[in-house]
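One structure is given here, and the rest of the page talks about it.
The values are calculated or read from the model by the stated rules, or taken from the named source; none is laboratory data. No experiment lies behind these values; they were computed from the predicted model shown. Virtual Cβ from ideal backbone geometry, glycine too; neighbours counted across all protein chains shown.
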Amino acid sequence: MPSLFDGASARIEAALEHIEISEDVAQGLAQPDAALKVAVPLRHDDGRLTVFSGYRVRYDTTLGPAKGGIRFHPDVNADEVSTLSFWMAMKCAVMGLPFGGGKGGVAVDPKQLSRAELERLSRTYIDQVADAIGPDTDIPAPDVNTNPRVMGWMADQYRIITRAHAPGVITGKPIEMGGSAGRTTATGDGAYHTLATMMERWERDIDGTTVAIQGFGNAGQRFAKLCADAGYTVVAVSDSSGGVYNDNGLDIDSLAETKANHGSVTEAEGEQLSNADLVTLDVDVLAPAALESVITADNADQVAAGVIVEIANGPIASDADATLIDNNVAVLPDILANAGGVTVSYFEWVQNRQAWYWEADTVAERLNTRMVEATQAVADRADQHDVDYRTAAYIMALEKIDAATAATGTSAFFSNA
């Protein structure tokens, strides 16, 4: 299987078969604008010292400052963070947001840390990257295993370092610290809006449409709840411990309570199944909402769903794309379907800069408008070029970055001067 970054580059090549962009843009996208690796020392509660590897990457800031999450996970590495920041650049361009791509993380298992250790780690990470971030430079947000509390610690540490109140440096903060209403549910909300828009465009009935969700964290839970409330039949969900299946539909509220009380959905009533089995279930809609590369060339031909909603970043490896296209699987790509989070992060950044905060209904309405418009635009572009939705989304992103680059002058402009 290719590296994550090689896979991301392959998808650009697929888009470039249908459009032309400036060589300046192609060269600019070949590598990050900046990549930082830092040591993140942590003094444990028992006195031990562990030094973890931390990262922060900025990718193509043609459209604006970098924007992207910070994740705490044992598998965080330079290739992953660079690829995630590249995807963020594409995602912001698709959504028409004034940002480039950013991503960061620490290679740590936060489940092995006490609350006090987690706070110290969060603050130390900001100590190490503070010179590389800022409300006009690079704006982090939550990602895997981070949340509003962690963002609050990080924003507070930046305040301590700079001796200035700058709430716009971090988004996804607690509302009491300048966070936005609707940010916690934004990724799941955005994914649902994307699916709902396409279901209407395809003229498909919701009644009887079955859904399986691989990953029952914040985004997966919200997506499951919205689908169930709308009339879809959510037959399977899973988390890192495994999954549960019921062909008559699952009670999402009960599952969320089980997850909160017992740490896993596997404690709920229903037929037990593995994450691998869930991905190949015979359902109408599959929503991978956990980590990267759960669908690869090895299992793509076993995917029975007709629609895949990529709620996670990169859940489909690039070497699986051709198989899914050949099997007529409609993939609603991550750079569109999971863009609700960064869109409401943008709303939060705007509110921080204005010191004027919006009601939850206003945030929800503006998110819905953005997601519907972007989804329709991607679908229109797919029809125009007779390509899959992922390629169409990359075409849109590249065209926007190319136009912004041309506005400052490209090689073609200067060679004709």
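Could you tell me which numbered condition GLY168 fails, if it satisfies all but one of (1) more than 26 Å from ALA78 (Cβ to Cβ); (2) in a loop (DSSP other than H, G, I, E, B); (3) touching a Pro at 6+ places or on another chain (Cβ under 6 Å)?
In the conditions (1) more than 26 Å from ALA78 (Cβ to Cβ); (2) in a loop (DSSP other than H, G, I, E, B); (3) touching a Pro at 6+ places or on another chain (Cβ under 6 Å), GLY168 misses (2) alone.
So which helices (runs of 4 or more DSSP H) are wholly in region 290-386 and hold at least 2 residues that are aliphatic (A, V, I, L, M), closer than 17 Å to VAL279 by Cα and assigned by TED's automatic domain parsing to the domain that holds ALA219?
Working: elements: 321-326, 334-337, 340-354, 360-385.
Output list reads 321-326.
Table: residues versus (1) on the phi < 0 side of the Ramachandran plot; (2) aliphatic (A, V, I, L, M); (3) buried (at least 24 other Cβ atoms within 10 Å of the Cβ); (4) under 21 Å from the mean Cα position of the chain (by Cα).
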| residue | (1), (2), (3), (4) |
| --- | --- |
| GLY263 | no, no, no, no |
| ALA287 | yes, yes, yes, yes |
| ASP301 | yes, no, no, no |
| GLY306 | yes, no, no, no |
| PRO315 | yes, no, yes, yes |
| THR323 | yes, no, no, no |
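Say whether the condition of being at pLDDT 95 or above, assigned to a strand (DSSP E or B) and crowded, with 18+ Cβ neighbours inside 10 Å is met by at least one residue in region 25-35.
Looking through region 25-35, none of the residues is at pLDDT 95 or above, assigned to a strand (DSSP E or B) and crowded, with 18+ Cβ neighbours inside 10 Å.
Counting just the residues of region 53-82 that are under 17 Å from ALA141 (Cβ atoms) and among the β-branched types (Val, Ile, Thr), which one comes out farthest from the chain's Cα centre (by Cα)?
Result: THR61.
With ALA130, ALA116, ALA141 as the choices, which residue is at negative phi, small (Gly, Ala, Ser), crowded, with 19+ Cβ neighbours inside 10 Å and not assigned by TED's automatic domain parsing to the domain that holds GLY215?
Details: ALA130 fails: crowded, with 19+ Cβ neighbours inside 10 Å; ALA116 fails: crowded, with 19+ Cβ neighbours inside 10 Å.
Checking each option against the conditions leaves just ALA141.
Please verify whether ALA166 is surrounded by fewer than 20 Cβ atoms within 10 Å (Cβ to Cβ) and over 21 Å from ALA364 (Cβ atoms), treating the condition exactly as stated.
Considered against the rule, which asks whether it is surrounded by fewer than 20 Cβ atoms within 10 Å (Cβ to Cβ) and over 21 Å from ALA364 (Cβ atoms), ALA166 comes out as yes.
Every residue in region 51-99 that is over 24 Å from SER318 (Cα atoms), of a type in the set (Ser, Thr, Tyr) and not in a strand (DSSP E or B), please.
Selection gives THR61, THR62.
Residues in region 83-91: is at least one without any contact (Cβ under 8 Å) to a residue 60 or more places away in the chain, surrounded by 15 or more Cβ atoms within 10 Å (Cβ to Cβ), touching a strand residue (DSSP E or B) at 6+ places or on another chain (Cβ under 7 Å) and under 25 Å from ARG366 (Cα atoms)?
Yes; the residues of region 83-91 include at least one that is without any contact (Cβ under 8 Å) to a residue 60 or more places away in the chain, surrounded by 15 or more Cβ atoms within 10 Å (Cβ to Cβ), touching a strand residue (DSSP E or B) at 6+ places or on another chain (Cβ under 7 Å) and under 25 Å from ARG366 (Cα atoms).
Pick from VAL129, VAL150: which is within 24 Å of ALA290 (Cα to Cα), touching a strand residue (DSSP E or B) at 6+ places or on another chain (Cβ under 8 Å) and modelled with pLDDT of 95 or more?
Criteria check complete, one pass: VAL150.
Of the residues that make up region 258-278, is at least one among the hydrophobic types (A, V, I, L, M, F, W, C), touching an Asp or Glu at 6+ places or on another chain (Cβ under 6 Å) and closer than 22 Å to LYS111 by Cβ?
Yes, some residue in region 258-278 is among the hydrophobic types (A, V, I, L, M, F, W, C), touching an Asp or Glu at 6+ places or on another chain (Cβ under 6 Å) and closer than 22 Å to LYS111 by Cβ.
Which one of these does ASP229 not meet: (1) touching a Pro at 6+ places or on another chain (Cβ under 8 Å); (2) without any contact (Cβ under 8 Å) to a residue 24 or more places away in the chain; (3) of a type outside the set (Gly, Ala, Ser)?
(1)
Every residue in region 355-395 that is over 17 Å from THR197 (Cβ atoms) and touching a Phe, Trp or Tyr at 6+ places or on another chain (Cβ under 8 Å), please.
Passing the criteria: TRP358, VAL363.
Take ALA186 and tell me if it is surrounded by 17 or more Cβ atoms within 10 Å (Cβ to Cβ), free of Cβ contacts under 8 Å to residues at least 40 places away in the same chain, in contact with a helix residue (DSSP H, G or I) (Cβ under 6 Å, 6 or more places away or on another chain) and of a type in the set (Gly, Ala, Ser). So that I can check it myself, show each step before the final result.
Details: surrounded by 17 or more Cβ atoms within 10 Å (Cβ to Cβ): yes; free of Cβ contacts under 8 Å to residues at least 40 places away in the same chain: no; in contact with a helix residue (DSSP H, G or I) (Cβ under 6 Å, 6 or more places away or on another chain): yes; of a type in the set (Gly, Ala, Ser): yes.
For ALA186, the condition - surrounded by 17 or more Cβ atoms within 10 Å (Cβ to Cβ), free of Cβ contacts under 8 Å to residues at least 40 places away in the same chain, in contact with a helix residue (DSSP H, G or I) (Cβ under 6 Å, 6 or more places away or on another chain) and of a type in the set (Gly, Ala, Ser) - is not met.
Against the conditions (1) surrounded by 18 or more Cβ atoms within 10 Å (Cβ to Cβ); (2) touching a residue at least 60 places away in the same chain (Cβ under 8 Å); (3) out of contact with any Pro (no Cβ under 9 Å at 6 or more places or on another chain); (4) more than 21 Å from PRO167 (Cβ to Cβ), where does ASN368 fall short? Just the number, please.
The failed condition is (1).
Could you figure out which of (1) in contact (Cβ under 8 Å) with a residue 24 or more places away in the chain; (2) part of a helix (DSSP H, G or I) isn't true of SER254?
SER254 satisfies all of (1) in contact (Cβ under 8 Å) with a residue 24 or more places away in the chain; (2) part of a helix (DSSP H, G or I) except (1).
Give me the residue from region 189-243 that is surrounded by fewer than 18 Cβ atoms within 10 Å (Cβ to Cβ) and closer than 18 Å to GLN272 by Cβ and, out of that set, modelled with the highest pLDDT.
Ranking the qualifying residues of region 189-243, first place goes to GLY242.
Taking ILE335, is it touching a Lys or Arg at 6+ places or on another chain (Cβ under 7 Å), of a type in the set (Val, Ile, Thr), crowded, with 22+ Cβ neighbours inside 10 Å and modelled with pLDDT of 95 or more?
Yes: the conditions hold for ILE335.
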